[in-house]
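Let me begin by presenting the structure, written as structure tokens, before commenting on it.
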Amino acid sequence: MLPYLQIDNLTKSFGDLVLYRDISFGVAQGQKIGLIARNGAGKTTLLNMIGGKESPDEGDVVFRNGLRVGYLEQSPQFQGDITVLQACFLSQNETVSLIADYENALLSNNFGKIEKLLPLMEHAKAWDYERKAKQILSQLKINDFDRKIETLSGGQIKRIALANLLITEPELILLDEPTNHLDLEMIEWLEDYLKRSTISILLVTHDRYFLDAVCNEIIEIDNRQIYSYKGNYSYYLEKQSERIATTQATIDHANNLLRKELDWMRRQPQARATKAKYRIDAFYELEEKAKQKQDDPNIKLGIKSSYIGNKIFTAEHVSKTFGAIKILDDFNYVFSRYEKLGIVGNNGTGKSSFIKMLTGEIPPDKGHFDIGETVRFGYYSQDGLQFDEQMKVIDIVRNIAEYITLGNGKLLSVSQFLNHFLFPPDKQHNYVFKLSGGEKRRLYLCTILIKNPNFLILDEPTNDLDIATLNILEEYLIDFKGCAIVISHDRYFLDKIIDHLLVFHGNAEIQDFPGNYTQYRLQKSQQEKENSRQVEKPVTEKQNYRQVSDKKKLTYREQKELETLEKEIPSLEAEKSNLENLMNSGMLSVEEITRKSTRYSELLQEIDEKTMRWMELSDV
């Protein structure tokens, strides 16, 4: 494979915080690499160093000469007074520069320069650039090309930045949390685009389905070191558990040896340094190895939630509009005890507004929400991250509660609680301003959970949280003895947590679906296929006979292929039907549904390919 990028002996630290030391890896043509690490481990810093926005302390970042590189930052910024289309012409590539030179030559009536630029424009296919920009923007659901950037939402700006990246046709792209602020439709579009594309990718994301579908290699930063796994996210999980088990065995062995060495060290005379220096050096190496800490991925936090009665809330004839945008129209709903509800839909369909009406932040135009007396909300909002940056982490949480009650009647201190959510003692005494964006989100989550609510409302909780934190939060929610509403674009998170969905389609159209997101997506896909079959014009027997009789004769090999396809396609269709029945039965676990849905996707592609070939042979 042709090497595109090489990282050699990279070291980066901020004061006494060492992010990584002497790490090396490369990205070659065709590689699609997912970068995984905990919040604060330096994922964004690494991308910024590769993208030239920060400098390493030591080491080299080397690109192949002439390589076209694109970088999608986590929170892209544009000048507010430019239009959508102008924002797409800000890329610093040769085609854009050529178009700018040509436009300037036209404005200055520099006919000599125009004459020189015309063949270059033809060669670079610059005339198609604006058309291509509009095409990609349309695919990303951005159709108002003259709209000012300052009037757009964060999700719309992210899509424009994505379009800005893709229209330049880079050979290597760096993506920092590309799914943040995108709705599910856009995430699935981007996932499919990157999966089919030949672009090489270095990607940071917490979206595990996205990682699994797009990436063919995972790189993990752990304990300031790099670990590489040649496979997708599922393969990484399998091999990571093996690595942790091996490392734990090494630590246990080191601890046993350390006890013997410690006994030897204590029995030596004061002048031992001149007698067995190699033993002393070995002792300190063992001590360092024995101090390594491996987190137990199976640890659970059994917190006892406060009592919640049978009456949770009812929505009675609720209506809400914002100008011409209709959010709810005579909406009625009775929320059940211990229910875990997921809310999905495109951006702007009213998901967050629904939550704010439920919690009383904004009033409905008509109707009302009747909340049960025992309900204690814990509300994690998208814009709730507000801390005194000069306070220490532990003091932020301690100001809310000194301890939390476990299900077995025992108490958990603030320090123990924070440690469970990946704030070790040294981090607990850090000032808030030293935390990364993801660590601040994790701290915000801790301030919600330590209040011991019995009804959790989580509005996009997965944005900026690392996978390790998401695993802990998922385990917490699975064991949570209370109610929950989750608004999320993270399909993996939804599939693990929720009982059923409210799907906001827009214009106050809300669908209640009894299942998780993968089940909903499969049913929707099946319904779309059924609808497309119904609108196809049926072929009569007489027409079919005439078409067959007019065909050219098939070769012997083609006839055999056709006969094979006529046997294989019904068999594949039967397998597909069985899978659909299984996945809609409600009897499968999340893991089984995930495996079945992977096979279902493969089946659909196989059936489409074989059907297309059958049609080609049948039309001969």
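Quote to one decimal, in nm, the extra length available between Lys113 and Asn531 on full extension: 0.36 nm per residue of separation minus the C-alpha distance between them. Write out the running numbers ahead of the final one.
Details: separation 418, 0.36 × 418 = 150.48 nm, distance 5.59 nm.
Working it through step by step, the gained length comes to 144.9 nm.
Counting only other residues whose beta carbon sits under 14 Å from that of Val393, what net charge do I get with K and R as +1, D and E as -1? Please report the intermediate quantities before stating the final value.
On the way: positive: Lys392, Arg398, Lys427, Lys434, Lys440, Arg441, Arg442; negative: Asp388, Glu389, Asp395, Asp426, Glu439.
So the surrounding residues net to +2.
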Can you figure out the FRET efficiency of Leu617 with Ser577, using R₀ = 35 Å and their beta-carbon distance, to the nearest 0.05? 0.90
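What pairs from Lys311/Lys340; Lys43/Lys195; Lys356/Lys596; Lys356/Lys410; Lys32/Lys340 go past 25 Å between their alpha carbons? Provide the component values of the computation, followed by the final result.
Numbers: Lys311/Lys340 15 Å; Lys43/Lys195 22 Å; Lys356/Lys596 37 Å; Lys356/Lys410 35 Å; Lys32/Lys340 35 Å.
Over 25 Å Cα-Cα: Lys356/Lys596; Lys356/Lys410; Lys32/Lys340.
So, with a 1.4 angstrom probe, what is the percent of accessible area on region 300-445 that is carbon and sulfur? Write out the running numbers ahead of the final one.
Working: 3480 of 7210 Å².
Taking all protein chains in place, region 300-445 shows 48 percent carbon and sulfur surface.
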Per-q log10 I(q)/I(0), region 317-420, q = 0.10, 0.17, 0.20 Å⁻¹ (Debye; single scatterer per alpha-carbon; no solvent): -0.47, -0.98, -1.12
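Output the peptides 174-187, 135-148 sorted from most to least packed, where packing is the average of other Cβ atoms within 10 Å over each peptide's residues. Don't skip to the answer; put the middle values down first.
Numbers: 174-187: 22.2, 135-148: 15.5.
Most protected by this proxy first, the peptides run 174-187, 135-148.
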Tyr71: accessible area at probe 1.4 Å, nearest 10 Å²? 50
Determine the order of His317, His123 by accessible area, beginning with the largest, at a probe radius of 1.4 Å. His123, His317
Checked against the positive end of the charge dipole of region 97-219 (+1 on Cβ of Lys and Arg, -1 on Cβ of Asp and Glu, about the Cα centre), the farthest of Thr179, Ile142, Ser197 is Ile142
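Give me the net charge of Leu435's neighbourhood, meaning all other residues with Cβ under 11 Å from the Cβ of Leu435; Lys, Arg count +1, Asp, Glu -1. Write out the running numbers ahead of the final one.
On the way: positive: Lys392, Lys427, Lys434, Lys440, Arg441, Arg442; negative: Glu389, Glu439.
With Lys, Arg at +1 and Asp, Glu at -1, the neighbours total +4.
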Which loop trypsin sites (Lys or Arg not before Pro) in region 355-460, with loop taken from DSSP, have no more than 16 other Cβ atoms within 10 angstrom of their Cβ? Arg376, Lys410, Lys451
Probe of 1.4 angstrom, ligands and nucleic acids ignored: what's the accessible area per residue over region 105-237, in square angstrom? 45
Take Ile244 and Leu67, extend 7 Å from each Cα along the Cα→Cβ direction, and tell me the distance between the two endpoints in nm. 3.2
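Rounded to the nearest 20 debye, what is the charge dipole size of region 1-112 about its Cα centre when +1 sits on each Lys and Arg Cβ and -1 on each Asp and Glu Cβ? Before the final figure, lay out each step's value.
Details: 8 positive and 12 negative charges, 88 e Å.
With Lys and Arg at +1 and Asp and Glu at -1, about 420 debye.
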For region 160-220, what is the charge dipole size about the Cα centre, in debye to the nearest 20, if Lys and Arg each add +1 at the Cβ and Asp and Glu each add -1 at the Cβ? 120
What relative contact order, as a whole-number percentage, does region 102-185 give when Cα pairs under 8 Å and 6 or more residues apart are counted? 24
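FRET efficiency for Glu402 and Asp499, Cβ-Cβ distance as r, R0 = 45 Å, nearest 0.05? Show your work: numbers first, answer last.
Numbers: r = 34 Å, r/R0 = 0.75.
Efficiency at R0 = 45 Å is approximately 0.85.
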Using alpha-carbon pairs under 8 Å, 6+ residues apart, how would you state the relative contact order of region 357-443 in percent? 28
Residues Leu411 and Val18, FRET efficiency given R0 of 41 Å [Cβ-Cβ distance, rounded to 0.05]: 0.70
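The values are calculated or read from the model by the stated rules, or taken from the named source; none is laboratory data. Nothing here was measured: the structure is a model prediction, and the numbers come from that model. As a convention, Cβ positions derive from the backbone with ideal geometry for all residues, glycine included, and neighbour counts pool all protein chains shown. Keep in mind that these areas ignore ligands, DNA and RNA; they rest on the heavy atoms of the full protein, side chains included. Shrake-Rupley method; radii C 1.70, N 1.55, O 1.52, S 1.80 Å.
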